[in-house]
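First comes the structure, then the notes that go with it.
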Amino acid sequence: MGEFVILLGAPGAGKGTQAVRLSAELGLPHISSGDIFREHLKKKTQLGMLAQTFMDKGQLVPDDVTIEMIKERLLKPDCANGAILDGFPRTPFQADALLEFLAVIHGKLQMVAYIKVPAHILVERLSGRWTCPQCGRVYHISHNPPREAGICDDDGSTLHQRPDDLPETVENRIAVYHQQTSPLIEYFQKLALLVEVDGSLGIDDVTEQLLSKARGS
Ligand code: ADP
Ligand code: ADP
């Protein structure tokens, strides 16, 4: 039976950064809906082209295609023991679909970790985020810089800023989060699955909080 962990939080809260670490510590694959959309975009698939029209504006990709894409991913053999979900679900409808799906595959939702970060910190994190277009590794210009400025430590690619991290789109993404995703906090609270961690602390401190919650529950 698989054990699933959801990382919930606003854009820039640190979900991706922490998902990579939890994945290594807990031995579960890191499934990022945003990364999968960006892979499709790179390959110019039909789904990628559709997703881009929403991502560019900082809007959510429609639930039906997002849910199908994630279900397909979770059925791959590497998710047999569970997964760390980063960026999915993002709406109550997606959460309903996930719970239904987990019931069918006999997966257990071990915890939903809400990484809480004040708004002004989010903007500062997103505006300093640099990403490797090749492997997806995420850096921050001052909090988590690469060894050599502008170059990925892992594969030597030139880092770039995601187009949706530019200031106009960031504002919209945070507003979309408040409207469409933040109701999930109460949603999972009611199911007694929510744990909250202080995401304003340093990267290592946040990892420590998450691991102690994951191991304690
Ligand atoms: P999300 O996946 O929630 O959008 P990321 O993990 O991509 O967030 O983090 C956003 C930016 O903030 C990145 O540049 C990352 O390096 C940086 N970051 C993540 N966690 C922290 C932290 N605890 N303190 C400082 N910077 C952080
Ligand atoms: P962040 O790391 O800032 O939270 P993501 O990489 O998770 O951003 O997502 C980037 C974009 O991909 C979102 O703004 C949205 O357009 C799309 N996206 C990602 N996950 C979902 C989802 N679960 N539902 C709908 N759209 C999504």
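In nm, give the distance between the simple-model label positions of ALA80 and GLU168, each being 7 Å from the Cα along the Cα-to-Cβ direction.
4.9 nm
Per-residue ellipticity at 222 nm for the chain, helices alone: DSSP H runs ≥ 4 residues times -39500 (n - 2.57), over residue total, nearest 500 deg cm²/dmol?
Result for the chain, helices only: -14000 deg cm²/dmol.
Out of PRO92, GLY9, MET49, whose Cα points farthest toward the positive end of the dipole of the chain (charges: +1 Lys, Arg; -1 Asp, Glu; placed on Cβ)?
Most positive-ward Cα: MET49.
Give me the aspartates and glutamates in straight-line cross-link reach of LYS71: C-alpha distance below 17 Å, same-chain residues under 8 apart excluded.
Here the aspartates and glutamates satisfying the reach criterion relative to LYS71 are GLU3, ASP35, GLU39, ASP63, ASP86, ASP96, GLU100.
Provide the FRET efficiency to the nearest 0.05 for the ASP64-SER182 pair, computing r from the beta carbons and using R0 = 25 Å.
The value I calculate is 0.70.
Translational diffusion coefficient, Stokes-Einstein: compute it for the chain using the Kirkwood radius over C-alpha pairs as Rh, at 37 °C and 0.692 mPa s, and state it as an integer in µm² s⁻¹.
187 µm²/s
Please state the equivalent ellipsoid semi-axes for segment 84-172: what are the square roots of 5 times the Cα gyration tensor eigenvalues, largest first, in whole Å?
Taking √(5λ) for each eigenvalue gives 31, 18, 12 Å, largest first.
Only four residue types carry charge here, +1 at the Cβ of Lys and Arg and -1 at the Cβ of Asp and Glu. Report the dipole size of segment 1-57 about the Cα centre in Debye, rounded to the nearest 20.
The calculated dipole for segment 1-57 is roughly 280 debye.
Can you give the convex hull volume of the alpha carbon atoms of segment 1-109 per residue, in Å³?
Taking only Cα atoms, segment 1-109 has a hull volume of 100 Å³ per residue.
Identify the residues of segment 90-116 with backbone N under 12 Å of a label point that sits 7 angstrom from the Cα of LYS190 along the Cα-to-Cβ direction, or state none.
Counting only backbone N, you get 92-93, 96.
If each residue's Cβ is checked for other Cβ atoms within 10 Å, how do LYS44, LYS116 rank with the fewest at the top?
LYS44, LYS116
Could you give the size of the charge dipole of the chain about its Cα centre, using +1 on the Cβ of each K and R and -1 on the Cβ of each D and E, expressed in debye and rounded to the nearest 20?
So the magnitude is around 200 debye.
Label segment 146-217 by shape, choosing from rounded, prolate and oblate, from the square roots a ≥ b ≥ c of the eigenvalues of the Cα gyration tensor; if a/c is under 1.5 it is rounded, and otherwise prolate applies when a/b is larger than b/c, oblate when it is not.
oblate
Compute the distance in nm between two label points, each set 7 Å from the Cα along the Cα-to-Cβ direction, one at ALA175 and one at SER212.
Here the modelled spin labels are 3.9 nm apart.
Every read-out reported here was derived from the displayed coordinates using simple, explicitly stated rules and does not represent laboratory data. Computed from a predicted model, the values in this text were never measured in an experiment. Backbone-built Cβ (ideal geometry, glycine too); neighbour counts: all protein chains shown.
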